[in-house]
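What follows draws every value from the coordinates through simple rules; no lab data is involved. Quantities reported herein were computed from a predicted structural model and do not represent experimental measurements. Every residue, glycine as well, gets a Cβ built from its backbone with ideal geometry; the counts of neighbours run over all protein chains shown.
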C-alpha cells in the first residue's frame with residue numbers, strides 16, 4: 001500500500017471506535033476487518049479516478065427495510081463512498097427490495113434495465129440487490145440468467161455482510177450470490193447512517209410466525225427472533241446521547257417480543273424499561289398484532305408520558321369469516337373490543353390500519369362488515385390495498401378469485417367511507433394546542449415547516465430550518481383532512 005493511501009485510511013478508520021464502543025463478537029470482528037479491506041480498494045480506485053466514489057441506495061417497502069438501508073448506507077460510507085440520490089452519478093447502486101406485492105418486483109426489473117446502460121459507460125460500477133424480493137428462488141434465478149451485470153445479490157438475513165460481499169466481488173471478479181434461508185445470527189453495532197438526526201428506528205425483533213395466508217413475509221424474513229433487552233436499551237441510550245428524541249421500535253409483530261429469550265421478558269416489560277431512559281422524549285412502535293396486544297401493554301402505555309398516542313392496528317378485513325380464511329387470529333368482535341379497551345385507557349388515541357379488498361372469496365356481505373369496522377373503529381387514517389396474489393402463499397391457490405370490476409368498485413366505495421370517517425375524526429383536535437416534533441422544511445410552501453404530533457398527524461406552520469429537530473407547541477388552526485395548518489405558540 002502506498003504512503004498516501006495509508007495516510008487517508010488512517011483518517012477514515014473510525015471503525016476502531018466501533019471496536020471500543022461495543023462488546024466484541026466474532027462475526028462483528030470479521031465484518032470490521034472486511035470494512036478495512038474494502039477501504040483500501042476504494043481509496044485506490046478514488047486515486048485512479050481522481051474523484052470521490054458515490055453510492056446510491058433505493059429502498060422499497062416497509063419501515064424495516066428503511067432501517068436496513070440506514071445500516072447498509074452506514075457500511076458503504078465507512079468503506080469510503082459518498083452518498084448520492086442520483087443513480088446516474090453513482091459508482092455503487094443498491095436496491096433494497098420489497099416483495100409484498102408483485103408490482104414491487106416489476107418496478108425493480110424495470111429499474112435494472114436502466115442500470116444496464118449506465119454500467120456499460122462505467123465498467124467499475126457495482127450494482128447490488130438485497131431485501132425480501134431476493135429471498136424468492138425464482139427471482140434469484142432470473143437475476144442470474146437475465147441480469148448478469150448485477151454484481152451482488154443477497155437477502156434479508158445477512159445485510160451485515162455487505163463489506164464482505166463487496167470484497168468477494170472485487171477479488172474474484174464474479175457475480176456474488178449469497179442467500180440464506182434463515183439465521184440465528186443478529187449482528188448489530190456496525191455503522192449506521194440515520195436519515196434523521198433527531199429520530200431513529202430501532203429493531204427489537206426480526207421475522208414473523210403468524211403465516212397469514214396472503215403474506216410472503218414469514219417466508220422471506222424468517223421466524224421470530226428477539227434481541228436482548230439490554231442491547232436494545234443500550235442502543236437507545238447511545239442514540240439519545242447522539243441527539244435522538246424519538247425512537248420507533250420495529251418488528252413484524254412487536255407484541256411477540258421476548259420469544260426465544262432466556263429471560264421471561266415481554267413487550268410490556270421492554271416498553272417500561274425504555275420509558276425510563278433519560279433524555280428520550282417519544283416512543284413509537286410498529287407493527288403490533290391485534291390479538292397479541294395485551295392489557296399489560298395498554299397499562300404501560302396509559303402510564304407513560306413518552307409512548308406516543310398512536311397505534312397502527314392492521315385489521316385487513318371486517319369479516320370474521322374472511323379473517324379466519326386469512327389466518328388472522330381474531331374475530332371482528334375481538335378486534336373492536338380491543339379498540340374500545342385501548343380508548344378507555346387512552347381517550348385521545350389515534351388509530352391507523354391496513355385493509356385488503358378483494359381477498360379470494362370476499363362477498364358483498366364480507367365487504368359491508370369491513371365498512372362497519374371502519375365506521376366503528378373511527379380511524380384517523382387507513383392504508384387500503386387491492387389483494388395481490390403472491391406466489392408461494394396459500395391464498396395464491398385459493399379459488400373464488402373476486403372479479404376485477406367488483407374489486408375496483410368495492411375499493412372505491414371503501415375509499416369514500418375511509419375519507420368520510422377519517423376527515424371527521426381528525427378534525428376533533430381543531431383549536432387545540434399540541435406538542436409537535438419539527439421534521440423538516442415544507443416541500444410545498446416556502447417559509448413553512450412540517451412536524452408531527454404524538455398521534456402521528458402532520459402539522460404545517462410558519463418556521464425556518466432552525467426549528468428542525470425541536471419539540472414546539474403549535475396551535476391547530478385548521479384541519480385539512482389528513483393534516484393540520486397551525487401557528488407556532
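Full extension of the chain segment joining residue 209 with residue 82 gains 41.9 nm, where the gain is 0.36 nm per residue of separation less the Cα-Cα distance.
As a rough guide to protection, the peptides 26-33, 312-319, 82-89 ranked by mean Cβ packing within 10 Å, highest first, stand as 312-319, 26-33, 82-89.
Normalising the average separation of contacting C-alpha pairs (under 8 angstrom, six or more residues apart) by the number of residues puts the relative contact order of region 3-178 at 21 percent.
Hull volume per residue, based on the alpha-carbon atoms of region 3-178 and their convex hull, is 120 Å³.
What percent antiparallel are the DSSP beta bridges of region 150-271, to the nearest 5? Antiparallel bridges make up about 20 percent of those DSSP assigns within region 150-271.
I'd like the distance between the alpha-carbon centres of region 189-226 and region 391-440, rounded to an integer number of Å. The two parts, judged by their Cα centres, are 23 Å apart. For residue 111 and residue 344, the FRET efficiency from 1/(1 + (r/R0)^6), where r spans their Cβ atoms and R0 equals 60 Å, is about 0.80.
Under the criterion of Cα pairs below 8 Å and six or more residues apart, the relative contact order for the chain equals 9 percent. Taking the longest Cα principal axis of the chain as reference, the axis of helix 26-49 is set at about 60 degrees. Diffusion of the chain by Stokes-Einstein, at 20 °C in a medium of 1.002 mPa s and with Rh set to the Kirkwood radius over alpha-carbon pairs, works out to 88 µm²/s. Applying 0.36 nm per residue to the separation of residue 433 and residue 172 and subtracting their alpha-carbon distance, the gain on full extension is 87.9 nm. For residue 424 and residue 304, the FRET efficiency from 1/(1 + (r/R0)^6), where r spans their Cβ atoms and R0 equals 22 Å, is about 0.20.
Its DSSP H runs of at least 4 residues, each contributing -39,500 (n - 2.57), put the calculated 222 nm mean residue ellipticity of the chain at -12500 deg cm²/dmol, to the nearest 500. Between residue 408 and residue 378, the FRET efficiency estimated from the beta carbon spacing at R0 = 30 angstrom works out to 0.70. Spatial offset of region 244-287 relative to region 102-178 amounts to 34 Å, using the alpha carbon center of each.
When you count the other C-beta atoms within 10 angstrom of each residue and take the mean per peptide, 426-432, 469-475 line up highest first as 469-475, 426-432.
The convex hull defined by the C-alpha atoms of region 199-308 has an orientation-averaged projected area of 6.9 nm². Which angle from 0 to 90°, rounded to the nearest 10, does the C-alpha axis of helix 63-79 make with the longest principal axis of the chain? It works out to around 20 degrees. Relative to the current alpha-carbon distance between residue 145 and residue 388, full extension at 0.36 nm per residue lengthens the span by 84.9 nm. Taking the C-alpha atoms only, the angle from helix 364-377 to the longest principal axis of the chain is near 90 degrees. From most to least packed by mean Cβ count within 10 Å, the peptides 98-106, 279-287, 403-411 give 279-287, 98-106, 403-411. Relative contact order of region 100-173, taken over Cα pairs closer than 8 Å and 6 or more residues apart, is 29 percent. Looking at the chain alone, DSSP beta bridges between its own residues are antiparallel in about 35 percent of cases.
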